[in-house]
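Step one of this worksheet: look at the structure below.
The values are calculated or read from the model by the stated rules, or taken from the named source; none is laboratory data. Note that the structure is a prediction, hence the values are computed from the model and not measured. A quick note on method: Cβ atoms are made from the backbone with ideal geometry, for glycine too, and the neighbour counts reach across all protein chains shown. Please note that ligands, DNA and RNA were not included when accessible areas were found on the heavy atoms of the full protein model with its side chains. Shrake-Rupley method; radii C 1.70, N 1.55, O 1.52, S 1.80 Å.
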Amino acid sequence: MNLHKTSTFALLLPIALLFCFQAFGQMSFIRYDSVKVKAGGQYLDNAWAGGFNSAQFSAIDLDGDGNKDLFCMERNWDAMIKTFLNKGGSGETNYEYAPYYSHKFPIMHNWALLVDYDCDGKEDIFTSVPAGIAVYKNISNEDGLKFSLESNLLRTQTPNGMETVYVSPPDIPALSDIDGDGDLDILSYGILGKYVKYYKNLSIENYGNCDKLEFNLESECWGHFSESSQDNSITLSDTCGSTYLSRPMGTRHAGSALLAIDLNDNGLKDIMISDISFNNMVMLSNGGSTADANMTEVEYNYPLNTQAVDLRVFPAAYFIDIDNDQTKDLLISPNNPNTSENFSNIWLYRNIGSQAVPVFDFAQDDFLQDQMIDVGEGSRPVFFDANSDGLQDIVIGNYGYFVESSVFDSKLALLINIGTPSKPEYELQSRDYSNLSIFNFNGAYPCFGDMDNDGDEDMIIGDEDGKLHYFQNTSGVGEEANFVLAQVNFMGIDIGETALAQIIDINRDGKPDLLVGEKSGTVNYFENIGSQDNALFDSNPTNDFFGRIDVMPECCGGYASAFMTTDSVGEFLLYVGSQPGWIYEYNNIEDNISGKFYLIDSLFVNALNPNIHGADINNDGKTELVYGEYPGGISILKSGVPTWIGIGENLATKLTFNVFPNPASNEISLNFNGGLNNSIIEISIFNSLGQMVSNSSHNSANKIKINTNNFKSGIYIIKAEIDNLISTSNFIKR
C-alpha cells in the first residue's frame, strides 16, 4: 500500500473529473478574474484574490520558470491556500494571483513552511500535524508541481528514546541550518513553552548528504534563554536545568512563532520571537558558537531605526525576497485567526542592507492587500443595482473590521458597476454604504428585494445573533437607493446564529418569501403570509430544515449560505455554501418545497465560509456567482470548465467496477467485473480538487466496502489500480 501517490494521479484526475461532471451535470464554473476593479482611481491587480486575515508566506517556484513565486496559507484548521506568480523583474514587486496552483498542495492545517531540506533546489513542505510535523517532498518535474508524503510525523532521538519532534499547534517552528553543516535543523518551543528545543539533523553526519530527516534532541535550552510565564520578557543566561526534564516546571502562554536568521554575518543564527498575546517582535542576538548557541542581547521592539512591529496580535515573521533584488525582505502577518487585525495587516519591511547583513526598513502595511478587495473579516457580497442604471453593482457586508479583542466594526462596502451590460467593471465607491456602521450591528449580511410592492428593492440585514433588520428603500423607481431603518429584529425572527438571507418568491405565489441560512448548517424557509404590499412573517420558520439540507461537518460550524435561482427552463436550483469551502447544488425543488432536495453536484472553491449570491452580470443568459470569504475578500465565477480539467491519456478498460449505493451516506461497496484472480487492488479516493482523502488496499476476491461516514458532502472520484490496470468511477456523498 502506498499512502503518498497523489502525484501519480495527475494525468488521471482530469479524465475522472470529466466523467464525473458528465454523469452528474457538472456545476460548470470557473473564476472570472478578468472583471476589472478600481479603487482610489487605480485598477487593482488581484482584485478577486480573496483577502487575508492570518496569512503565512513562503517562496517556491510554482510554474518551473526558475523564479520564486509566492505561497500563502490562511491559518485555520480548514487552511486555505493562495498562490501568486512572480511577474516582477530585478528590483520589482509584481505578483499575479494564480489559483490554479493551489490544488497542487495537500490538505494542511494550522501552519505550513516551504523549505528545501534535501538541497535539490525545490522547496518541500513542512506542516502541522497534532503535536508535530509532517513533511511532503517536492518531486516536481516537467509535468509540473508535485508533492509526495515523506513523513507523516517527524521523530527524534532523545535520552528517553525516540519521541516526536514537538511543535504545539499554535506555534510556528524555525527551520534552518542552525549548526552550519549543510542540513536542515529545527527549533521549537517545548511543551512547557518556556525554552526552545534544538533538533539537530544528522543527515550530513550519517550519510554525507542533506537529503535525510534524522534528528537528535541536541539541546532543550538552545541559546540559554527562557521566556517568562507572565509575559514575553526574556531571561538570558538561563541554564534551564542540567539534565533531561529537570528544568523548572513553570508554564507560559501557549503560542509562539520563531524565525532563525543570521543578522550580522557571523555564521550564528539569531532568533526572532513573537507571542500569541503580544503585538511586538522580540529579537535575540547570538553571541555563542555553532556548537553552543548563547543569546547575549535582547531587543523588544524590533526592528530598530524604523517603524517597529506593532501588530495585534501574534505577528509572525517570514524571510523572503519580495522584490527580486537577491536580498531577502521581511514580511509580518498575524498568526491568530479571529482575534487579530484583519485589514491592512501584512507588513512589508524591505531589506536595504545585504543578504549577509540585512537591514529592514518599513515599506507598507498592506502588502498584496492593496491590490485586492478586502473588507476585513467574513465578507458577504450581493448583487444589487444601487443606482438604478440597469447594471448589477455589488454590496459587500462583513462580520467586521477588527477594533479590539471581541470588538468588530460591521459595515457595507459598495462596488458600483461602471462597465456595460455585456462587460462589467467595478469601482469601490464606499466602505460604509448607507452609513450602516452607526447601527453597531454584530455582523452585517445584506440582501435585497421589493418587500412592499412599490417597484424598488428594500434591504434586509442579517446579523451574527441570528436576527434580521428591515430597511425600507424610500427612493422612487429608477432613483438611487436610499435606505431607512424601518424595523429592528424584523418580525421577531431569530434563527440562532449568523443569519444569511435571500428575498425570493419560493412558493411562486407572487409574494416575497425569505430564505435564511444559518451557522448550524441548515436553511430556513419563511413563507410570506401577508400580501404583496405588506409582507408578514411568523417569527418561527415555515420550514427550519429546508430541503433537508445540512452542510455542517462534524468538527465545526456549517455556515450555510443559500442562493436560489432558476435554470434554463425556469425550474429552481439551489446553491448552498459551507464553511469548509464547498458549494453544493440542489434540484428537485419544484412542487417539493416541503420535501428533500437532490444534491446534484458540488464545487470546492478553496475559500473558508463562501457566502454566495448570483446574477447575470455580462448579459450572456447565464448566472454568475459571487462569493465572499472569511478572510474578507470576494471572488466571481462564470460558466466554464476549470483549466485543469480536460482529456488526457486513454485509461485501461479491462478493469471496471460499479459503486453502490450512489449517492451514499456512510458506506460504499465496490463490485468489480471480470476475474481478478485474488489480486491485491489499491483504492484511492479524491475530492474534486484532486486531494486524496482515502487510500487502502484490498483482496479483490472479497467484497470491498469503504467507510465514508467522515467524508464531507460532495462529489468524489475513486481510482482503482491493479497490475498496471487503472479504472475510475465516482460517487456522491450526501
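Could you look at the chain and say what percent of its accessible area is carbon and sulfur, using a 1.4 Å probe and all protein chains?
46 percent
P(r) for the chain: what percent of alpha-carbon pairs falls in each 20 Å bin, starting at zero?
Percent of Cα pairs in each bin: 16, 46, 32, 6, 0.
What is the magnitude of the charge dipole of the chain about its Cα centre, with +1 placed on the Cβ of each Lys and Arg, -1 on the Cβ of each Asp and Glu, and no other charges, expressed in debye to the nearest 20?
About 2160 debye.
Just add up the charged neighbours of ILE636: K/R +1, D/E -1, any other residue whose Cβ is under 9 Å from the Cβ of ILE636.
Values: positive: ARG31, LYS638; negative: ASP33, GLU624.
It works out to a net charge of 0.
Under the 0.36 nm per residue contour assumption, what length would be gained going from the current alpha-carbon distance of GLU480 and ASP494 to full extension?
Full extension of this stretch gives 2.0 nm more.
Roughly what % of Cα-Cα distances in segment 558-637 sit above 14 Å, to the whole percent?
Values: 1960 of 3160 pairs.
Within segment 558-637, distances greater than 14 Å cover 62 percent of Cα pairs.
Size of the dipole of segment 54-181 about the Cα centre, Lys and Arg at +1 and Asp and Glu at -1 on the beta carbon, nothing else charged, in debye to 20?
Working: 9 positive and 21 negative charges, 92 e Å.
Around 440 debye, computed over segment 54-181.
Calculate, for ILE418 and ASP616, the FRET efficiency according to 1/(1 + (r/R0)^6) with r their C-beta to C-beta distance and R0 22 Å; round to the nearest 0.05.
0.80
With the crude spin-label approximation of a point 7 Å out along Cα→Cβ, what separation in nm comes out for ASP567 versus SER405?
So the two model labels end up 5.2 nm from each other.
Provide the net charge surrounding TYR426, with neighbours chosen by a C-beta distance below 9 Å and charges set as Lys +1, Arg +1, Asp -1, Glu -1.
Net charge around TYR426: -1.
If the chain between ASP544 and TYR43 were fully stretched, how many nm would it gain, using 0.36 nm times the residue separation less the Cα-Cα distance? Walk me through the numbers before you get to the answer.
On the way: separation 501, 0.36 × 501 = 180.36 nm, distance 4.34 nm.
Going from the current span to full extension adds 176.0 nm.
Using the heavy atoms of the protein chains alone and a 1.4 angstrom probe, what is the accessible area of the chain per residue in square angstrom? Display every interim value, and only then the final one.
Values: 27710 Å² over 734 residues.
For the chain, the per-residue accessible area is 38 Å².
Of the options ILE191, HIS698, ALA291, report the single residue whose Cα projects farthest towards the positive end of the charge dipole of the chain (beta-carbon charges: Lys, Arg +1; Asp, Glu -1).
Checking the options against the dipole of the chain, the answer is HIS698.
Please give the contour-minus-distance gain from ASN662 to ASP292: 0.36 nm per residue of separation, less the Cα-Cα distance, rounded to one decimal in nm.
That works out to 127.1 nm of additional length.
With unit charges on the beta carbons (Lys and Arg positive, Asp and Glu negative) and the dipole taken about the Cα centre of segment 329-397, which residue among ASN351, VAL375, GLY390 sits farthest to the positive side?
The one lying farthest along the dipole's positive direction is ASN351.
Can you give the charge dipole size of segment 371-456 about its Cα centre, rounded to the nearest 20 debye, using +1 on the beta carbon of Lys and Arg and -1 on the beta carbon of Asp and Glu?
280 debye
Mind ordering 416-426, 122-132 by average Cβ neighbours within 10 Å, highest first?
122-132, 416-426
Of LYS104/LYS712; LYS467/LYS511; LYS519/LYS596; LYS38/LYS411; LYS622/LYS712; LYS511/LYS596, which sit over 25 Å apart, Cα to Cα?
Among LYS104/LYS712; LYS467/LYS511; LYS519/LYS596; LYS38/LYS411; LYS622/LYS712; LYS511/LYS596, the Cα-Cα distance tops 25 Å for LYS622/LYS712.
Using the Cβ atoms and a cut-off under 13 Å, what net charge is assigned to the surroundings of ASP513, where Lys and Arg are +1 and Asp and Glu are -1?
Neighbourhood net charge equals -3.
Round to the nearest 0.05 the FRET efficiency obtained for LEU192 and ASP389 when R0 = 60 Å and r is the Cβ-Cβ distance. Before the final figure, lay out each step's value.
Numbers: r = 63 Å, r/R0 = 1.05.
Once rounded, the FRET efficiency stands at 0.45.
Quick one: angle between helix 13-24 and the longest Cα principal axis of the chain, in degrees between 0 and 90, rounded to 10, please.
So the helix axis and the longest Cα principal axis differ by about 20 degrees.
What ranking, highest mean first, results for peptides 480-492, 604-616 when packing means the other Cβ atoms within 10 Å averaged over each residue? Mind dumping the intermediate values first?
Numbers: 480-492: 15.8, 604-616: 23.8.
Peptide ranking by packing, descending: 604-616, 480-492.
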